[in-house]
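Asks: Okay, here's the structure, questions in a sec.
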Amino acid sequence: MASTSSTAAAPGVPLASEAIDFSIAPIVINVGASPSQRFYADEAMIRKSSKFFDAALNKEWKEGQERIVNLPETQPAAFNVYLNWLTTGKLHVHDQPETAAGTRQINTKLVEAYVLGDKILDVDYKDHVCDTLARDSLMPRNAGIWVMGAGVRRRLYENTVAGAPARRFLVGMLLMCGDISSFVTEDEPPALLHDIMSALVAGQQAALEQPAALKQLEEEDVKACKFHDHEPGAENCYRNKRRGIV
């Protein structure tokens, strides 16, 4: 007699019910303005990952009925990075190996990616972007650490909310530089100056004399998901949910 008992699938096992149905036409996303650029995405996949798209594609809204979403204020290049990540789990933001230090674009691309992830409410994407930003920034280099430029810092602060993980990571990196005055000026976003002062008042000024110790703490915080937005629990981290494709 056949057994009728059932067992739960092991974590990470690809269920048949979760397979993408490639017989269904993709949704259309018009990105940018004058003119916009058209992108295509699997509806089920993007709705599962992004709360924004899940809400926008609800059948009670025009976008859900027509299966067309417009993002006029989003950069097409940034959205292309997102769709690549959504499909493959990889962030295509790194510069060519021969790129000179002064022309690196990775921080700009990562901040644009983070701003987009914040806008479309995709926590896993934002967390992965923040980890990549941390790995690149903390990577040992002959010339020391690499801090994002003033324009990129402004872009981040003008498009994120107080307490955003990427903001907190940036402040830690600036403190790690030791002589903050050589990096930060009075033209910085007021919120950034406030965050730096708050960190100093909170007792992190000792790090100015011990940048190596702060670097170690920053690395430990990255490993411990301190710069992530996901709910508590390792099972909620993209590192575990998307294991095998990241």
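Asks: Would you mind checking the pairs Lys119/Lys223; Lys62/Lys241; Lys90/Lys241; Lys90/Lys126; Lys59/Lys126 and listing those with alpha carbons more than 23 angstrom apart? Numbers along the way, then the final one.
Replies: Details: Lys119/Lys223 25 Å; Lys62/Lys241 32 Å; Lys90/Lys241 14 Å; Lys90/Lys126 13 Å; Lys59/Lys126 27 Å.
Distance filter (> 23 Å) returns Lys119/Lys223; Lys62/Lys241; Lys59/Lys126.
Asks: Among Trp146, Trp85, rank each residue by its count of other Cβ atoms within 10 Å, from fewest to most, as a rough exposure measure. Intermediate results must be reported in sequence, preceding the final value.
Replies: Numbers: Trp146 16, Trp85 25.
By the 10 Å Cβ count, ascending, the order reads Trp146, Trp85.
Since every read-out is calculated from the coordinates, none of them should be taken as a lab result. Since this is a predicted model, take the numbers as computed values, not measurements. A quick note on method: Cβ atoms are made from the backbone with ideal geometry, for glycine too, and the neighbour counts reach across all protein chains shown.
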